[in-house]
Each structure stands twice: as structure tokens, then as C-alpha cells.
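Data block below; observations after.
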Amino acid sequence: MSEAFKAAQAKARIPGSAVLNAWRAEHGPATTGRISNINQTQQSLPVQELANILAGGAVSSAGPVVNEATAMRVSAVYACVALIAGAISTLPMQTYQRTPTGRERVEHPYWWLLNEQPEPNVSAAVFWEYMVAARLFHGDCFAEIVRPSFRSNTITGFKAHHPLRVDPFLDSQADLWYRVQPLVGASYVVHPADMIHIPSLGFDGLRSPSPITYAARQAVGTAIAASEHNARFFSNGARPDFALTTPGNMTEEQAKLLRATWGERHGGVANSHLPAILTGGLQIKELTMSPVDAQILETSKWDLEEICRILGVPPFMVGSTEKTTSWGSGVENMSRGFVKFTLLRDLVKFNQEFNRKLWPVRQKYFVEFDVSGMERGDLKSENEALRIALGRAGEPGWMSQNEVRHIKMLPPIEGGDAINQGITQTESVTQTTTETAPKPAGQPDEGAA
């Protein structure tokens, strides 16, 4: 046996394409030093994950597939995502600079990108709403930082990418990189310093599980199945199932013909109340509605609470008014609770991610969402708080008139930068002594002619 034949036989034992194996030898991880997340997990997929991929989403135990498109059809999911994403999209992201005494708001070129137009095709409100919705539906949201050139530190915009078009991977130094597949054009790799990445709970270093298709999969799937069941129930005229009985025996062809004829003449809401004419000894036997069908409304209520619990939204904020809240009464108390227990989980992540990518060398600038508008109370309480801040009844204030006017979006006034120092204890004692001291003898009273 010749050496050439042995080499060819050994080469034939290598599985896969010979051309592809040669390309991998030249461009694979061993040569380039770059390891993708696909190469890191060379194991077979579980049956459930394979079914999810083939079905285009997560398959629930109730039967329906749960993905972004099907979950949006559930009113509870749509309302919760719209509430969280819509609330964050209306908040201004202010720019501050650190000072020896604290911080102060400043004008910065990035303010326009973060609050008006991050990219030419969308406004800032649409950008933030898209980012938050992407995180809720897919677990991660991504936005590429646009620069004039790869050598520049200046930022000219932010381009949001759909999570399914971004593939995070690790290189040989365990640095996180991102492979982006745009709608038009070839894929390209983005440096970690040029990608905004907001993960969710359960982040494994590459991606995060979707709150809706992972944690709320069964609740959303049950809600979809219940909605389909209700639709079929009402399409049948909201009647329970029934059976057609006959004293004799029918052939299979006769039963199929009878079933098809009955469905054509009496199926659907429009034909649900037409009188039925039975011949040949046929009788209608109504089947009793099962307890499961009778409790379908309770199932919908449970699905609503389960979805709201996972997304961190109180049911009363999406239209379920059967249960009260422990956040207190009044819109201002509810708004504070919503900001504190729901929105801050996203706001802090956005603040920290943008700050470490916009100013990686710890400059004096930083950005932060301003939630004062949502936490503001009613007009009477707000005016009372501002009176205390300015100083009342001789008490010292801690805000100037121009600072209060700035909050109310009013122009400053001359002399309005001074802070009321109040009446000190010495001044109060002096004033009281002057008012109560006895007058010298022979001095006329005030007002005397």
C-alpha cells in the first residue's frame, strides 16, 4: 500500500467537507485567535431548544408558540411593555458635570443626540422606546455608537439594532465583541467600546434570557390559548358543545356528510340562531359545559397577574382595578412607586452603560435620566414644598428664587440668586427686646399730634 493511498484514506476518514476543513484550518480559531460563541458550545441542542428554533419561538405547554409577534397579541403584555417603554421614552436624559460641591447641569453636544435625534431616521423617543421594548422581548438591547472615523473619540449618533441581528462573542482574551448583520449589506464586527449593550436578569456574559419568552412563557402561552378558545366559543354562538344522535347506525360517509352539512348551515355567529330541522329520527343532545370552560375568565385574570408580576408592573396600572395597591392613594404616590420599583431597574442600567461608553476615562461629565417630573406631586403640595425651599416664617431657605423659577421653566430675575438666610436667633431676640422695651419718660407715643 503506497503512502499516497494511505494519506488519501486518512483524509477520507475526516468528517465533513475537505474544502471546508481546509478553510477552517486557515481561518479558524486556532489560526486567528478568535473564538466565537458558536465554537465555545460544541454540544447538541436540547430537544426543547431545537423545537423553539424550528417553531420560531418558545413553545409553551399550552401549545401556542411564544415569541415577540405572538406575545404582542396578548393585551397584558402589550400594555406592560407599552407602559414601561413609553414612560422611559418621555424622560429627559440630562448632562451634568461634577463640581467640588456636588454637580451642576451643563449644556453638552451629546444632549441633542440623547434627547432629540440619536440617528437621522428616528427621534429620541422612538429610539428609547425601541431599546426598552427590545430588552423586554429579547433580554438584551443593542445600540451601535456612530463615530466620524475609527480613530475619533467624537460621537455623532446611536444606531439601534434588533437583538436577533447582533451576535455577541468572546475572543481569546475573553473580550466581548459583537457581530452585526444589518438589513442591507454584509455583516461586520463592532468593538465593545462602540456598542451599547443592556442585558437583563440571568446574563451569562454573552446574552440574557427573555423575560417574556423565558419567565412568562407559560402565562403568555396560556393567555394565547385561552383567547383562541374564547374566539372559537363565541364563533359558535357562545353555546356549549352538543351531539346529534340517531337510533340507527350510520356509515362513516353518512356521518361525514351530516357533520359537513350541519357546519355549513349552522356554523358561525351569523347562523347560530337559525332553526334546525331534524329528520330521520335525529335528536340534539347538549353536552354540559365543563368546569374548565366555566373558569376560563379566572384563568385570564391569573395570566394578567402573572405577566404583570414578571414584568414588574402593578395590575392596576394596566387597567385591572379589582385589586388595590399598597403604594398609597393618589397619582403622585403611584408614580413614585412605579419609578422606584419598576423604572429604576432600567434607568440605572442605561445611565451606567452610557456613562462608561461616552466617557471611558472618568471625565467630569455624566448623564442621568431626570425623573423629577414623574415624582412631582400635586400643585398644592408642590407649591408648599417650594415655599419651604425658599424659606418661610423666618426659616432659612436652601433654594434661590431663580432655582425655583428654573424648575418652573421661567426666566431668571435680577437679584434672584441670593438664598434666604432666615432670621437668626440673635436677630429674633433683638427684635423682641426692641418691641417690648419700656419707653423713656416724657417721650410721646407714636401717632401723637
Of the listed residues (393, 389), the one being open to solvent by less than 60 Å² (accessible area, probe 1.4 Å) and either of a type outside the set (Lys, Arg) or not in a loop (DSSP other than H, G, I, E, B) (or both) is 389
Looking at segment 347-369 only, could you name the residues that are at pLDDT 90 or above and open to solvent by 30 Å² or more (accessible area, probe 1.4 Å)?
348, 349, 352, 355, 356, 365, 368
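When you check residue 186 against the structure, is it of a type in the set (A, V, I, L, M, F, W, C), more than 27 Å from residue 342 (Cα to Cα) and in contact (Cβ under 8 Å) with a residue 24 or more places away in the chain, yes or no?
no
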What is the number of the single condition among (1) among the aliphatic types (A, V, I, L, M); (2) out of contact with any strand residue (DSSP E or B) (no Cβ under 7 Å at 6 or more places or on another chain); (3) assigned to a helix (DSSP H, G or I); (4) at pLDDT 80 or above that residue 220 does not meet?
(2)
Can you report the number of residues in segment 128-176 which are over 23 Å from residue 86 (Cα atoms), of a type in the set (Phe, Trp, Tyr) and in contact (Cβ under 8 Å) with a residue 60 or more places away in the chain?
1
Go through (1) open to solvent by 60 Å² or more (accessible area, probe 1.4 Å); (2) modelled with pLDDT of 85 or more; (3) more than 24 Å from residue 98 (Cα to Cα); (4) not aliphatic (A, V, I, L, M) one by one and return the number of the condition residue 378 breaks.
(2)
Taking segment 76-112 and keeping residues open to solvent by 90 Å² or more (accessible area, probe 1.4 Å), touching a residue at least 24 places away in the same chain (Cβ under 8 Å) and not in a strand (DSSP E or B) leaves 90
Strands (runs of 3 or more DSSP E) wholly in segment 113-206 with at least 3 residues that are buried (at least 18 other Cβ atoms within 10 Å of the Cβ) and not acidic (Asp, Glu) - which ones?
141-146, 157-161, 166-170, 195-198
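Let's see how each residue does on (1) closer than 28 Å to residue 75 by Cβ; (2) charged (D, E, K, R); (3) in contact with a helix residue (DSSP H, G or I) (Cβ under 9 Å, 6 or more places away or on another chain):
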| site | (1), (2), (3) |
| --- | --- |
| 163 | yes, no, yes |
| 178 | no, no, yes |
| 197 | no, no, yes |
| 206 | no, no, yes |
| 214 | yes, no, no |
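The values are calculated or read from the model by the stated rules, or taken from the named source; none is laboratory data. Note that the coordinates shown come from a computational prediction; the quantities given were computed from them, not determined experimentally. Glycine gets a Cβ as well: all are built from the backbone with ideal geometry, and neighbour counts include every protein chain shown. Accessible surface areas use protein heavy atoms only, side chains included; no ligands, DNA or RNA. Shrake-Rupley method; radii C 1.70, N 1.55, O 1.52, S 1.80 Å.
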